Amino acid sequence: MPGQELLVKEIMDRGLCSSCGMCVGLCPYIKTAGDRVRAIYPCGIEEGACYGVCPKTSLDISEMDMFVHGREREDHALGIYSGIYYARATARADGAQYGGITTALIGLALREGLISSAILTGGDIMNPRPVLAATPGEVNSCAGSKYTGVPTLLELNRAAGRGLTGIGLVGRPCQVAAVRKLQRGKLPPERTYSDRLVGLMLGLFCFWSLSSELYGFLARETKGEEIIKMDIPLEGPGVLTKTGSRRWRVDEIRPFINKSCNYCFDSTSEWADLSVGSTEQDPGWNTLLVRSGQGRDLVELAADRGVLEIKDYPAGRLPVLRKAALNKKMRVLALAEKEPGNGGCPAIPDKYLREMNVQWGGINR
Amino acid sequence: MSIAGVCLEKPGTKVALTGNEAIARGALEAGVAYAASYPGSPTAEVLGTLSRLAGNFKLYAEWSVNEKVAMEGAAAASFAGLRSLVVMKADGLNVALDFAGALAISGCRGGMVIVLGDDPNAHSSVREEDSRNLCKAIHLPVLEPSSVQEALEMTREAFSLSEDLKLPVVVRCVTRVCHASGDVELGELNRPLPVPDFTRDNRVITFGIQLHALQEQKLARAAEWACHSGFNSYTGPENPERLVIACGPCYMHALEALDMLAATGVGVLKLGVTWPLPHQLLLKYLRNASEVVFAEEVEPFVEDNVTSLAAMQIPRGIKFYGKRSGHVAGPAGPGIGELDPDILASSLAGIFGVKYETPGVSGRAEALELLGEKMPDRELAFCAGCPHRASFWAVRAALELDGRGGIVLGDIGCYTLGMARTGYNLLQTVHCMGAGIGLAGGMANLSRFGFDRPIVTLVGDSTFYHAAIPALINARYHNSSFLCVVLDNETTAMTGHQPHPGRSVTAMGEPARTVRMEELLQGVGLPYVVQDPYDVEATIDVVCNMLGQEGPRVLILRRTCVLAAVRGKQKARVYVDQEKCIGDSCGCGRFCSRVFACPANVWDAAGGKARIDEAVCNGCGVCASLCPQGAIVVERAVL
Ligand SMILES: Cc1cc2nc3c(=O)[nH]c(=O)nc-3n(C[C@H](O)[C@H](O)[C@H](O)COP(=O)(O)OP(=O)(O)OC[C@H]3O[C@@H](n4cnc5c(N)ncnc54)[C@H](O)[C@@H]3O)c2cc1C
Ligand code: SF4
Ligand code: SF4
Ligand code: SF4
């Protein structure tokens, strides 16, 4: 297993880092400023944890499926899941993005002692920051999506250093993958983590995140007005400010899409316990994918306690969602073919590739 | 060696003094009333000594904001009829040159002496500038002491000469003499001081070519005086065929070299007055000579002037050996670095065609071998606990994080060391005081051609007052976009902690009206932030933030020089918890000793763990804040 030198060469220097934050603070050499993650000095160590945990370095999808879910996937669009629903929180936190189930579920898990604290992304659209939330109030204050890549996982390294366990976290798909790589543990022998470090992982749907150039764009466009909320629905990205709202065409923010996201194979956090996204229809609800047993237990508890309201996922929507996810994977494969040997894209076993092509063909027909 | 010696009343007694103290004593014997300087090695202790004695004598002493202002102040005292002294290193003359050149034309009234500290070999300078060529260019007489005793006498006599000529006189003193110590014979103190005055009738003006003619006359008189001055002397046969012309410490080296060669019949002419040349005296010894060797340090100054004199005055050919011929040369080549008896002996042996085994070469090797075990193998580095180390680490980290390939322009001070490993090789330009800011402004103005790298310039606090302000005004005026980081350790640390305008005390220990950096910046209209560099993580954040801003802006990294901060205090005890240290493993990679590299962070290869060299550690605790394992423990923190 290589180390920092290759991480810098293959990922950082090529602009393929998604700022997940997993390598930040593993040592004194990798640091962050805003959403940038950089190695500030060569550590001189040949085999390093940073390379091992980075979601953008070598990652075998079937191996990961086996490690997380204990079996290979059948669905190559959404990965392994046991149920898909529409859901919303009965008491939606202020500023929650859609149905607010992410905030509600983390809050519930914290109150029930299922997790000791939660690693979330707080701050605001223009100035997001990693947060280790220890109270439901702190969890609520992190509601709402920030669309830039925030290196939230640096909080996990800090928490591990303090010996915390049972941590819950909410992350983008790359962040979920990074934590799974950490748990899988193909790391230098001196890097050992408690099995109980992470107690619950909620993954978000994410087709791309944006670079910090977004801030300059928003500041110019809104003339420095405070932004209350941002969303990227089908009609195009928009913000809500105190005095009104603004909307742009997707093409206007496309230049800010992080390069790493173009190589990302996972748009629904396939290795999370639960995955949450929009419905693309009703902003008051979320799409919820239940992936692990632990995830199912939490959702059932939430339903029992009346924290969540859950309904069936409309049958007609599934092909739309699957097509969107597969579409993205096909774009990545095409890109990876154009630039063979480029880091940042996972390894896909032949069996998976064949099945994926079949499923993709099916969708198009 | 002793301030008591410098002010001892008993004429005729011998006391041990350093060259710098001898200069101070010489000035006191001459009745100096006004002394000013900007600190610089090798002459920093001259004003340091005088300022401490200001109370004992009727004497005003100041650390001026820069050399030009120092020289102007001293000139004013001279215009008013007092004797005055101004002291600076060779580089300082460049700063003061505009005024010095004008002053040489207008002339002065009370005796005025300019002490120039030249630093052959650049022991504590960025270059080994030979100030004599500039002195010649502006028409000032130059005296060069070759010993501590002469440093005293020449300084004293320079005042009389200056008063006679109505022209400032330079005493050029090199590091070897400034820092040497020797027994000197004291002269009389307590010369009566005149009452200063400068009335409406006094005029000291630089104007017109008539004054140039007068200047030449003054120099001709000085040359005449030089021919009879005891500072030039000759030893050897009456009409030597072989002649060595030496000045400064090379005079002693030459005598020793001839001794080593057992060469007889070689005359040695010592020049104490190297400008203007004592023509008649020189011609007397050149007349019969067939081979002449020059022994002087750095530029072939005496050599060039004597050879041109000979070309005009002596019809037959003389063989001249020196830097121009390549015969007199140290290991780095002719005109480069210092000379010593050994170098001169080999040079002379080559010229005279005699055998000479340099004991130096083998002797040096042996000596080094003997010393080897005892000498710690240390490269030049910031002191343990130096706030600059924290500042440099933070700036470097921030630049890497910023990721836009920002550049760093340096300046002159302790932090010049930051071009080396101890400053993470950060500095990319080093020139003269204040140059970093001017360069930064120029680079920033290239944005219109598409130059878009972030620009950082690092400058010390003393340099800030000395030379930064005009460049900052220029930057503000033209909105040149760069980040100026002031490394404010609240003292002039490099030359021995002299106070500067940012402090609340003067050279003489009187309370000062502090010129606050912040107020200056407000006045210039520049935004600034003040941050403690010991808080490294916060500093990285601030630098990152400020890198992202536009326009000229200033970050003051303020933390007292650790040597000043710990003086007289019991230092904190710092040690490494051997259980917690993970040393070479992933997660650290010997961060403290290998990377951050405070001299007190040492690596115990046998144990595979870090240690603190407690004798060296100054207890700043910065390494403890950076250790990824929290393995470094600070007990009884005081800073
Ligand atoms: C960069 C990004 C891109 C997304 N793209 C899509 C998409 O294309 N399609 C889609 O259906 N959904 C997408 N989502 C998910 C969606 O925006 C909502 O976050 C999700 O539906 C949960 O909604 P909620 O109402 O439960 O959120 P809330 O209850 O408001 O909870 C939001 C949670 O998201 C976390 N969070 C906020 N910003 C970030 C961030 N930058 N990185 C990691 N965690 C963050 C917060 O910690 C909080 O816990 C994206 C989210 C992000 C952050
Ligand atoms: S993707 Fe994550 S782990 Fe990889 S380099 Fe970026 S921040 Fe580090
Ligand atoms: S505390 Fe650490 S950084 Fe400070 S002087 Fe001691 S060893 Fe050096
Ligand atoms: S930085 Fe800390 S863990 Fe690393 S070698 Fe030094 S004391 Fe040990």
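The values are calculated or read from the model by the stated rules, or taken from the named source; none is laboratory data. For clarity, every value in this text was computed on a predicted model and none was experimentally measured. Backbone-built Cβ (ideal geometry, glycine too); neighbour counts: all protein chains shown. These accessible areas exclude ligands, DNA and RNA; they are computed on the full protein's heavy atoms, side chains included. Shrake-Rupley method; radii C 1.70, N 1.55, O 1.52, S 1.80 Å.
Across chain A, how large is the tail of the calculated P(r) beyond 35 Å, expressed as a percent of all Cα pairs?
Values: 12456 of 66430 pairs.
Result: 19 percent of Cα pairs exceed 35 Å.
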Cα-based Rg / Dmax (Å) for the range B:480-526: 12.9, 40
Quarter of Cα convex hull surface for the range B:387-565, i.e. mean projection, nm²: 9.6
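Take every Cα pair under 8 Å in chain B that's 6+ residues apart, average their separations, divide by the length, and report that relative contact order as a whole percent.
Numbers: 1363 pairs, mean separation 65.9, N = 639.
For chain B, the relative contact order is 10 percent.
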Modelled label-to-label distance, B:N545 and B:Q217, 7 Å Cα→beta-carbon offset: nm? 6.7
Entries in A:K9/A:K259; A:K186/A:K328; B:K10/B:K58 that, when Cα-Cα distance is taken, lie over 22 Å: A:K186/A:K328
Per residue and in cubic angstrom, what volume does the convex hull of the Cα atoms of the range A:230-300 have? 130
Kirkwood calc, the range B:224-277, C-alpha pairs only, radius in angstrom 11.6
Over the alpha carbons of the range B:501-617, what is the largest minus smallest coordinate on each principal axis, giving the biggest first in Å? 56, 42, 16
Rounded to the nearest 10 Å², what accessible area does A:R305 have for a 1.4 Å probe in the complete protein model? 130
List the residues of the range A:33-50 that lose 30 Å² or more of accessible area once all protein chains are present, compared with their chain alone (1.4 Å probe, heavy atoms only, no ligands or nucleic acids). A:A33, A:R36, A:R38, A:I40, A:Y41, A:I45
Please give, to one decimal in nm, the separation of the simple spin-label points placed at B:A605 and B:A311, each 7 Å out from Cα toward the Cβ. 5.8
Column: log10 I(q)/I(0), Debye, Cα scatterers of the range A:136-190, q = 0.16, 0.20 Å⁻¹: -0.60, -0.91
What fraction of the DSSP beta bridges in the protein assembly as shown is antiparallel, stated in percent and rounded to the nearest 5? 45
Quarter of the surface of the C-alpha convex hull for the protein assembly as shown, i.e. direction-averaged projected area in nm², equals 50.9
Evaluate Rg over Rh across the range B:552-594, taking Cα atoms for both radii and Kirkwood's formula for Rh. 1.18
On a 1.4 Å probe surface of the protein chains, which of A:M22, B:M419 comes out largest in accessible area, and what is the full order? B:M419, A:M22
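Counting only helical runs of four or more DSSP H residues, what would the 222 nm mean residue ellipticity of chain A come to if each run contributes -39,500 (n - 2.57) and the total is spread over all its residues? Write down the numbers at each step before the final one.
Numbers: 11 runs with 112 residues, N = 365.
That calculation yields -9000 deg cm²/dmol at 222 nm.
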Grab the DSSP H runs of chain B that are 4 residues or longer, score each as -39,500 (n - 2.57), total them, divide by all residues and round the 222 nm result to the nearest 500 deg cm²/dmol. -10500 deg cm²/dmol
Per residue and in cubic angstrom, what volume does the convex hull of the Cα atoms of chain B have? 191
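Out of all Cα-Cα pairs in the range B:233-352, roughly what percent, to the nearest whole number, are more than 20 Å apart?
Values: 2384 of 7140 pairs.
Of all Cα-Cα pairs in the range B:233-352, 33 percent lie more than 20 Å apart.
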On average, how much accessible surface per residue is there in the protein assembly as shown, in Å², for a 1.4 Å probe, leaving out ligands, DNA and RNA? 42
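Note down the magnitude of the dipole of the protein assembly as shown about its Cα centre, charges +1 on Lys and Arg C-beta and -1 on Asp and Glu C-beta and zero elsewhere, to the nearest 20 debye.
Working: 101 positive and 109 negative charges, 470 e Å.
Dipole magnitude for the protein assembly as shown comes out near 2260 debye.
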With label points set 7 Å from each Cα along the Cα-to-Cβ direction at B:I473 and A:E63, the distance between them in nm comes to 6.6
What part of the accessible area of chain A, given as a whole %, is carbon or sulfur when the probe is 1.4 angstrom? 50
What are the lysines whose alpha-carbon lies under 29 Å from the alpha-carbon of B:K323, with same-chain residues fewer than 8 places away excluded? B:K89, B:K136, B:K270, B:K284, B:K355
In µm²/s, what is D for the range A:30-107 at 37 °C and 0.692 mPa s, where D = kT/(6 pi eta Rh) by Stokes-Einstein and Rh is the Kirkwood radius from Cα pairs? 193
For A:Y29, A:Y51, write out the residues from largest to smallest accessible area, computed with a 1.4 angstrom probe and no ligands counted. A:Y51, A:Y29
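How many percent of all Cα-Cα pairs in the range B:1-154 sit more than 29 Å apart?
Numbers: 1354 of 11781 pairs.
Of all Cα-Cα pairs in the range B:1-154, 11 percent lie more than 29 Å apart.
Taking a temperature of 20 °C and a viscosity of 1.002 mPa s, what whole-number D in µm²/s does Stokes-Einstein yield for the range B:1-92 with Rh from Kirkwood over alpha carbon pairs?
Details: Rh = 13.2 Å.
The Stokes-Einstein estimate is 163 µm²/s.
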Counting only Cα, what are the radius of gyration and maximum Cα-Cα distance Dmax of the range B:432-514, in Å? 15.2, 52
Sorted largest first, the Cα spans of the range B:380-438 on the principal axes come out in Å as 29, 28, 15
Average partner chain C-beta neighbours within 10 Å, per residue of B:589-598? 3
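With both partners inside chain B, how many of the DSSP beta bridges are antiparallel, as a percent to the nearest 5?
Details: 21 of 74 bridges.
The antiparallel fraction comes to roughly 30 percent.
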Just how far, in whole angstrom, is the range B:239-264 from the range B:1-69 if you go by their alpha carbon centroids? 32
Enter the buried accessible area of the A/B pair, total of both sides, probe 1.4 Å, in Å² rounded to the nearest 100. 1600
For chain A, which DSSP H helices look membrane-span-like by this rule: Cα extent along the axis of 18 Å or more and mean Kyte-Doolittle of at least 0.0? A:318-338
For the range B:173-214, just the Cα set please: Rg and Dmax, both in angstrom. 19.8, 47
Relative intensity, log₁₀ I(q)/I(0), of the range B:392-470 from a Debye sum that treats every alpha carbon as a point, q = 0.20, 0.24, 0.27 Å⁻¹: -0.87, -1.14, -1.27
For B:H212, tell me the accessible area in Å² from a 1.4 Å probe, rounded to the nearest 10. 80
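I'd like the per residue volume of the convex hull spanned by the Cα atoms of the range A:199-257, given in cubic angstrom. Don't skip to the end; give the middle numbers.
Working: hull volume 6.7 nm³, N = 59.
Cα convex hull per residue, to the nearest whole number: 114 Å³.
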Round to a whole angstrom and tell me the spacing of the C-alpha centers of the range A:34-103 and the range B:164-203. 79
For the range B:573-635, take the convex hull of the Cα atoms, compute a quarter of its surface area, and give me that in nm², please. 3.7
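I want to verify the translational diffusion coefficient of the range B:96-176 in µm²/s; compute it with Stokes-Einstein, Rh as the Kirkwood radius over Cα pairs, at 4 °C and 1.567 mPa s.
Result for D is 99 µm²/s.
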